1. Hey, got the dipole for the chain? About the Cα centre, +1 on K and R Cβ, -1 on D and E Cβ, debye to the nearest 20?
2. With an 8 Å Cα cut-off and a minimum separation of 6 or more residues, compute the relative contact order for the range 240-349 in percent.
3. Report the full-extension gain for the segment Phe81 to Gln65: residue separation times 0.36 nm, less the Cα-Cα distance, to one decimal in nm.
4. Of the peptides 65-71, 335-341, how do they stack up when ordered by the mean number of other Cβ atoms within 10 Å, highest first?
5. Residues with amide H under 5 Å of Leu34's amide H, sequence separation 5 or more or different chain, H placed in the peptide plane at 1.01 Å from N; which?
6. Would you mind checking the pairs Lys42/Lys153; Lys7/Lys94; Lys94/Lys153; Lys177/Lys253; Lys111/Lys153 and listing those with alpha carbons more than 32 angstrom apart?
7. With θ taken as phi - 60° and the coefficients 6.51, -1.76 and 1.60, list the Karplus ³J(HN,Hα) couplings across the range 186-201 in order, rounded to whole Hz; mark glycine and proline as x.
8. Looking at the range 240-349, what % of the alpha carbon pairs are farther apart than 25 Å?
Amino acid sequence: MAEIITKNLNKKFGDFTAVSNTNLTIEDGEFFVLLGPSGCGKTTTLRMIAGLEFPTSGNIFLDSQDVTFLRASQRDIAFVFQLFALYPHMNVEKNIGYPLKTQRVARSEIKSRVREVAKLLHLENILRSKVSGLSGGDRQRVALGRAIIRRPKAFLMDEPLGALDAEFRELMCSELKKLHTNIDATTIYVTHDQNEAMAMGDRIGVMDKGAILQADDPLTLYNKPRTMVVADFIGSPAMNFLPIHSSIPKGCKSVLINGCSVEIPEIHAASNTDLNYLGVRPENIEITAASYDGFQGKVYGVEYLGVRKIITVDTAVGRVKVRSSNNLVVQINDNVNLKFNSKRIILFNSDDGNAIKSERIT
């Protein structure tokens, strides 16, 4: 397999910038996920790496070779599409083996490698079946098999599970990750689903408006997001943001929100804007009995999720989501206090949405 590097990658369509100055290094054997909302540039980035689009400027390296303007057929990369792109008149065996047939590989070799791939993907019992009669999950396996059989330097996958229902997606997430481990492949996987990204990615690059905002392992992205967009996109429910209507000096250890003092990690770099935001995950908030000297709110709603529940609280500065155990008993319209875990708080600058340097974010 191979390392993939993009340097100052840009793509414009007329006056519209789809991808802006993207710099990535995807290690040999890594499962890297490009995550972001529709229209953020993730598929365009993938297509440029595949050779299906040429960049406006910048460079792409595959296994140390500059492939920026090589066609897709010259890059030794396998692309798996969302809508399978199978041949409906062929059976499973012929679909999987077709790439080798076009390369004029010997029939005996094709048969041997098809059996090898079918065993890996649990397709041995349906090799003679027409793909038109298969379930979505089986067709996705066939599409993966057709990509794997070529033994390319890298696999590129553009939302391959998007057409499957929730149960199949969960199953295929596990199988894709296991498959990646078994074949030691370099994989770039595009999705807008954060659950897929967090479940499969060794690292995740979060994109927005054509730019990579942060590329890190899932735990770092969740616990130490570097922008409000990343903090909002990763996590369900998303991070809560509470406005701070004042500048924040260097060395600050607490802030006022609606007249209530909230402890924060010590600030390492001042924010001189008059509006900043305190970010805190729902599980880092504790609901306590109402008192006059705490951060107060009224329960708006309660969602039960097995052993956990999500409690929505209306406060003077907006709604706040709290993740708690089912042992906590609260009713709609109850007056409560919210206590924040000060060590897990991140502050954000309103000018650019970036995290303010602190003991939490360095």
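Rule-based calculations on the coordinates, nothing more; no lab input. Predicted, not measured: the structure shown is a model, and the values here were computed from it. All Cβ positions, even for glycine, are placed from backbone atoms using ideal geometry, and neighbour counts span all protein chains on display.
1. Around 1160 debye, computed over the chain.
2. Dividing the mean separation by the residue count of the range 240-349 yields 31 percent.
3. That works out to 3.3 nm of additional length.
4. Highest to lowest by the protection proxy: 335-341, 65-71.
5. Under 5 Å from the amide H of Leu34: Tyr189, Val190, Thr191, Gly205.
6. Result: Lys7/Lys94; Lys177/Lys253 exceed 32 Å.
7. Each residue of the range 186-201 in turn: 8, 10, 10, 10, 9, 7, 9, 9, 5, 5, 4, 4, 5, 6, 10, x Hz.
8. Summing the P(r) tail past 25 Å for the range 240-349 gives 22 percent.
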